[in-house]
Amino acid sequence: WGLLLLVAALALGETAATRCPAPCVCDNLRAHVLCLNGNLTTIPSSIPQLTKRLDLRGNSFTIIPVGAFLATPYLTHLDLQRCKVERLEEGAFRGLGRLVYLNLASNGIALLYQESLDGLSSLQQLILQRNRIEEIQPGAFGHLGSLTVLDLRANALVYLPDMVFQGLQVLRWLRLSHNTLHVLGSEAFTALPALRRLSLDHNELQALPGEALARLDGVAQLDLGHNPITYVAEEALSMASLKHLFLDHAALQDVAPNAFARSPQLRTLDLRENQLRGLPPLAGTRGLARVSLAGNPLLCSCLLRPFRDWMVRARVQAEGSCAAPPALRGRPLDSLRPLEMRCGRPQLPPSPAVPSEQPRPCPQGCACSPDFRHGSCENRGLREIPWGFPGDTRLLDLRRNAFGTVPPGAFPGLKELVSLHLQSCSIGALHPGALRGLESLVYLYLTDNRLSTLAAAAFEGAPRLAYLDLDRNAFTHLPAGALQLLPNLISLHLQHNAIRELVEGDLARAGGLRWLYLAGNAIGHIAPTALAPAKMLEKLHLEGNSLVEVPTAALRGLPALSELKLSRNPIKHMGNSAFLPVASSLQHLYLDNMGLERISPSAFAGLGPKIRSLYLESNKMSNIPDMSNFTGLEILNLRDVPFHCDCHLLPLRRWIDKLNLRVGATCGSPAEARGLKVKLSTTFQTCPGWAQGKAGRASPDKTKAASKPSKKKRSGKSPARGFKKSRV
C-alpha cells in the first residue's frame with residue numbers, strides 16, 4: 001500500500017507540473033507557455049511549475065500582486081508587454097531567482113517602488129520602455145546585481161536623483177532616451193562601474209551634465225543628441241574611456257577649445273545639425289579621428305582657418321560643407337585651401353597713438369572664455385546677478401543660483417549677448433527693463449523658476465529674442481502684454497505651468513511664432529480667436545491638459561500647422577470635421593491616451609495623403625472612420641483599442657491588410673475574437689462581400705489558378721498570404 005500511495009503521489013505531482021491552463025498554449029518539451037492577447041485579468045495559477053519561458057503579452061492585469069509567480073520558480077524569461085499594468089506591488093517577482101529576461105514595455109507603470117523588483121537576483125535584461133514612469137524611488141534597482149541592460153526609453157522622467165541606480169554593479173547599457181529629463185543629480189550615475197554605453201538622447205537637457213557624467217569612468221559611447229544644449233564649456237566632459245560622443249541635432253552655438261580635453265580617448269565626435277558657425281582647434285583630443293559637422297551653417301572665413309589647419313595637422317577627418325561665404329557655399333571642409341578662407345575686411349593693427357582696448361575682467365568666482373566670448377557663474381550660490389563681464393560676451397550661463405529677482409538693467413554693457421541661461425534661479429520677478437540693452441539676445445532660458453506673471457515691459461530692450469523657455473513656472477495665463485514686445489519670437493515654451501485657458505489677445509503680435517509648447521497645464525478652453533495671430537504656427541503641443549473637445553474653431557487661420565498634439569486630454573467624443581481647418585497642412589496628429597469613446601464618421605474630413613503619423617493608441621472606441629485616403633502614413637498606432645470585430649469594421653480590416661505598417665490593432669469583442677489581431681480575426685469571413693474582396697486582391701496568375709479550387713478554399717488561404725506580406 002505504501003508503494004501504491006507513493007506512485008499515486010508522484011503521478012499527481014507530474015500532472016500538476018505539466019497541466020496547461022486555458023486559454024494558454026504549452027510546449028512542455030521546451031518548457032514554454034504562451035497566453036497571448038487574451039482577457040486574463042490575473043496571472044494564471046495553474047501554469048506548469050517547470051515552465052522556463054512565459055509569454056503573457058496583450059492581457060489586462062493592471063496590478064502585479066505580491067508573489068504573483070511563486071508557483072513558477074524555474075522561469076528564465078517573462079514577457080508582460082501591453083498588459084495594461086499600472087502598478088508593481090513590492091515583492092511582485094519574489095521567487096524568480098532564475099529569471100534573466102523581463103519585458104514590461106508598453107504598460108502604464110508610473111512609479112517604481114523600492115521593493116518592486118525584489119527577488120530578481122539573476123536578471124540580466126529589464127525592459128521598461130513606453131511606460132509612464134515619472135519617479136524612481138531610491139533602491140528600486142538595489143537587488144538587480146546581475147543586470148546588464150536597463151531600458152527606460154519613452155517614459156516621463158524629468159529628474160534623476162542621486163544614487164538612483166545604486167546596486168547595478170554589472171550594468172553595461174543604460175537607455176534613457178525619449179524622456180523629458182531636465183536635471184540630473186550630480187551623483188545620479190554613481191556606482192555604475194561596468195557601464196559602457198549611456199543613451200540620453202531626445203531629452204530636455206539644456207547643458208552638458210558634466211558633473212554627473214564625470215562619475216562614469218568606463219563609458220565608451222555617450223548619446224546626447226536631440227537635446228537643446230547650446231554650449232559646451234571648457235573641460236565640460238571628463239570621461240576617461242569615452243570614444244564616441246553624439247551631440248547631433250542639438251542647439252549648439254559654440255564649443256570651447258578644450259571642451260573635450262579631459263576625454264583623451266575620444267575618437268568620433270558627432271556635431272551634425274546644430275547652429276555652429278565654426279569650431280576651434282580641439283585641444284587634448286589626440287586620438288580623435290572623425291568630426292561630423294554636416295548640417296551646420298559653417299562660415300568658411302579666416303576665422304575657421306585655425307580649425308582647418310588643426311584638422312590637417314592632427315589628421316582628423318571632418319565631414320561637412322560651407323554655408324558661407326557665397327563663393328565657397330557647398331564646398332567640403334576637407335577641400336579648402338588656406339588662401340581661400342578670407343575675411344571680409346582686412347584686420348588693421350591698432351594705431352600706436354591709441355592703445356588697444358583691454359577686455360574687462362571677469363566677475364569674481366565666474367569663468368570667462370575670451371576666445372569664444374562665454375561667461376559662466378553656474379551654481380556659485382549667488383544671490384545677485386554679477387556685473388563686469390566682457391562687453392563682447394555672447395553666451396552667459398547663470399544657472400542654479402538664487403537670484404530671486406532680475407532687477408532693471410541687470411546686464412549692462414552686453415550688447416552682443418546672444419544666449420542667456422537663468423534656469424533654476426528661484427526667480428519670482430522679472431522687472432521692467434531687466435533685459436534693457438540686450439539688443440542681440442536670441443535665446444532666453446527661464447525654466448524651473450517661480451514666475452507667475454510678467455510686466456508688459458519685462459522684455460523691453462531685447463527685440464531680437466526668438467527662443468523663450470518658461471517651462472515649469474507658475475503662470476496661470478499667457479503673459480500676453482510682455483510677448484507683444486517680441487516681434488521676432490519663433491519658439492515659446494510654457495509647459496508644466498498652471499494655465500487654464502487661452503483667450504483673445506494672448507498671442508497678439510506673435511505673427512512669426514512657429515512652435516508653441518503648452519503641455520502639462522490645465523487648459524480647458526481655447527477661445528476661437530486665441531491662436532489666430534500666429535499664422536505661421538507649425539507645432540502646437542497641448543498634451544496633458546483638460547480639453548474635453550478638439551478646439552476646431554481655434555485651429556482656423558493656422559495654414560502652416562503640421563504637428564498637433566492632443567494626447568492625454570479627456571476628449572470622449574470627436575465630432576465631424578474636427579481637423580478641417582488644418583487639413584491642408586497637418587502631417588502629425590497625436591490623439592492617444594484620451595479615453596476616446598467615439599469618433600464621428602467624418603471626424604477626419606479633409607485629411608489625407610499629407611498625414612504621415614497618426615497616434616490613436618490607448619483609447620476606448622470600438623471603431624474608427626474610413627481612412628483609406630491616408631496614403632502617406634509612415635506611423636499608425638492603434639494599440640490598446642478594443643475594436644468590435646464585426647462587419648462594420650470590415651473596411652478597416654481590408655485597409656489594414658494593404659498597409660505595410662505595424663499598427664497593433666486587436667479585437668476587444670466579440671468574445672470569440674477578443675485579443676486577436678484585427679488582421680487575423682476570422683469573424684469577418686461571414687460578412688457580405690468578404691469573398692469578393694479577397695478575390696479582388698488576388699494577382700492575375702492566381703486568379704487563373706483559382707478557377708479550379710472552390711471559393712471557400714481560396715478565402716481560407718488569403719489571410720495567411722496577407723499576414724506574410726505585411727508586418728501588421
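The values are calculated or read from the model by the stated rules, or taken from the named source; none is laboratory data. These numbers were taken from a predicted model, which means no experiment stands behind them. Don't worry about glycine lacking a Cβ; one is built from the backbone with ideal geometry, like all the others, and counts go over all protein chains shown. We work out accessible area using only protein heavy atoms, side chains counted, and drop any ligands, DNA or RNA first. Shrake-Rupley method; radii C 1.70, N 1.55, O 1.52, S 1.80 Å.
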What are the pairs with Cβ atoms under 6 angstrom where one residue, in the stretch 231-260, is on the phi > 0 side of the Ramachandran plot and modelled with pLDDT under 90 and the other, located anywhere, is of a type in the set (A, V, I, L, M) and surrounded by fewer than 24 Cβ atoms within 10 Å (Cβ to Cβ)? Sequence gap at least six, or different chains. GLU235/ALA261
Of the residues that make up the stretch 655-667, is at least one in contact with a helix residue (DSSP H, G or I) (Cβ under 8 Å, 6 or more places away or on another chain), farther than 27 Å from LEU34 by Cα and open to solvent by 70 Å² or more (accessible area, probe 1.4 Å)? no
Any idea which of ALA105, ALA71 is in a loop (DSSP other than H, G, I, E, B), open to solvent by 30 Å² or more (accessible area, probe 1.4 Å) and either without any contact (Cβ under 8 Å) to a residue 12 or more places away in the chain or among the aliphatic types (A, V, I, L, M) (or both)? ALA71
Among the residues of the stretch 207-227, count how many are of a type outside the set (Asp, Glu), out of contact with any strand residue (DSSP E or B) (no Cβ under 8 Å at 6 or more places or on another chain) and modelled with pLDDT under 90. 3
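Results for (1) at pLDDT below 90; (2) open to solvent by less than 70 Å² (accessible area, probe 1.4 Å); (3) of a type in the set (Gly, Ala, Ser), shown as yes or no for each residue.
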site	(1), (2), (3)
CYS302	yes, yes, no
MET311	yes, yes, no
GLN317	no, no, no
PRO338	yes, yes, no
PRO346	yes, no, no
ALA353	yes, no, yes
GLU357	yes, no, no
Of the residues in the stretch 246-256 that are over 19 Å from VAL418 (Cα atoms) and part of a loop (DSSP other than H, G, I, E, B), the one that is most open to solvent (accessible area, probe 1.4 Å) is HIS249
Which of the residues belonging to the stretch 211-245 are crowded, with 19+ Cβ neighbours inside 10 Å and not in a loop (DSSP other than H, G, I, E, B)? ALA212, LEU213, LEU222, ASP223, TYR231, VAL232, LEU245
Taking the condition of being part of a loop (DSSP other than H, G, I, E, B), on the phi < 0 side of the Ramachandran plot and modelled with pLDDT of 90 or more, how many residues in the stretch 264-275 meet it? 7
Does SER177 count as in contact with a strand residue (DSSP E or B) (Cβ under 7 Å, 6 or more places away or on another chain), in a loop (DSSP other than H, G, I, E, B), of a type in the set (Ser, Thr, Tyr) and open to solvent by less than 40 Å² (accessible area, probe 1.4 Å)? yes
If you go through the stretch 690-699 one residue at a time, do you hit one that is open to solvent by 10 Å² or more (accessible area, probe 1.4 Å), modelled with pLDDT of 85 or more and among the hydroxyl-bearing types (Ser, Thr, Tyr)? no
Suppose we keep only residues that are crowded, with 20+ Cβ neighbours inside 10 Å and touching a strand residue (DSSP E or B) at 6+ places or on another chain (Cβ under 6 Å) within the stretch 428-440. Which one would you say is farthest from ALA498 (Cα to Cα)? ALA434
Among the residues of the stretch 449-461, are any in a loop (DSSP other than H, G, I, E, B) and touching a residue at least 60 places away in the same chain (Cβ under 8 Å)? no
Any residue in the stretch 40-67 that's modelled with pLDDT of 90 or more and outside any loop (DSSP other than H, G, I, E, B): show its pairings with residues that are of a type in the set (Asp, Glu) and surrounded by 18 or more Cβ atoms within 10 Å (Cβ to Cβ) at Cβ separation under 8 Å, as long as the two are six or more apart or on different chains. LEU54/ASP79; ASP55/ASP79
Please list, ordered by first then second residue, the pairs with beta carbon atoms under 7 Å, 6 or more apart or interchain, first in the stretch 568-585 and closer than 16 Å to LYS610 by Cα, second buried (at least 16 other Cβ atoms within 10 Å of the Cβ) and among the aromatic types (Phe, Trp, Tyr). PHE579/PHE604
Suppose we filter ARG82, ARG87 for residues that are open to solvent by 20 Å² or more (accessible area, probe 1.4 Å), free of Cβ contacts under 8 Å to residues at least 40 places away in the same chain and among the basic types (Lys, Arg); which single one remains? ARG87
Search the stretch 382-404 for residues being open to solvent by 60 Å² or more (accessible area, probe 1.4 Å) and within 35 Å of the chain's Cα centre (by Cα), and hand back the single one that is farthest from ASP448 (Cα to Cα). ARG394
Go through the stretch 498-517 and report how many residues are closer than 19 Å to LEU465 by Cβ and open to solvent by less than 50 Å² (accessible area, probe 1.4 Å). 9
Flagged in the stretch 388-407 as among the aromatic types (Phe, Trp, Tyr) and more than 15 Å from HIS374 (Cβ to Cβ), in numbering order, are PHE403
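A quick yes/no check of all residues on (1) touching a strand residue (DSSP E or B) at 6+ places or on another chain (Cβ under 9 Å); (2) free of Cβ contacts under 8 Å to residues at least 24 places away in the same chain; (3) under 21 Å from ALA458 (Cβ atoms):
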position	(1), (2), (3)
ARG383	no, yes, yes
GLY388	no, no, no
LEU398	yes, no, yes
ALA402	no, no, yes
THR405	yes, no, yes
GLY409	no, no, yes
LEU420	yes, no, yes
GLN423	yes, no, yes
Within the stretch 90-102, which residues are open to solvent by less than 60 Å² (accessible area, probe 1.4 Å) and in a loop (DSSP other than H, G, I, E, B)? GLY91, ALA92, PHE93, GLY95, LEU96, GLY97, LEU99, VAL100
What about THR453, is it modelled with pLDDT of 90 or more and surrounded by fewer than 20 Cβ atoms within 10 Å (Cβ to Cβ)? yes
Of the residues that make up the stretch 281-295, is at least one closer than 17 Å to ARG337 by Cα and not β-branched (Val, Ile, Thr)? yes
If you scan the stretch 518-536, which residues turn out to be open to solvent by 20 Å² or more (accessible area, probe 1.4 Å) and under 21 Å from LEU591 (Cα atoms)? GLY520, ALA522, GLY524, HIS525, PRO528
Against the condition farther than 23 Å from LEU566 by Cα, assigned to a loop (DSSP other than H, G, I, E, B) and not hydroxyl-bearing (Ser, Thr, Tyr), how does ARG472 come out, does it pass? no
Within the stretch 570-578, is there a residue that is modelled with pLDDT of 95 or more and β-branched (Val, Ile, Thr)? yes
Those residues of the stretch 522-543 which are in contact with a Ser or Thr (Cβ under 8 Å, 6 or more places away or on another chain) and in a loop (DSSP other than H, G, I, E, B) amount to ALA522, ILE523, GLY524, GLU538, GLU543
Whichever residue in the stretch 100-131 is at pLDDT below 85 and among the polar types (S, T, N, Q) and, among such residues, is nearest to THR62 (Cα to Cα): SER116
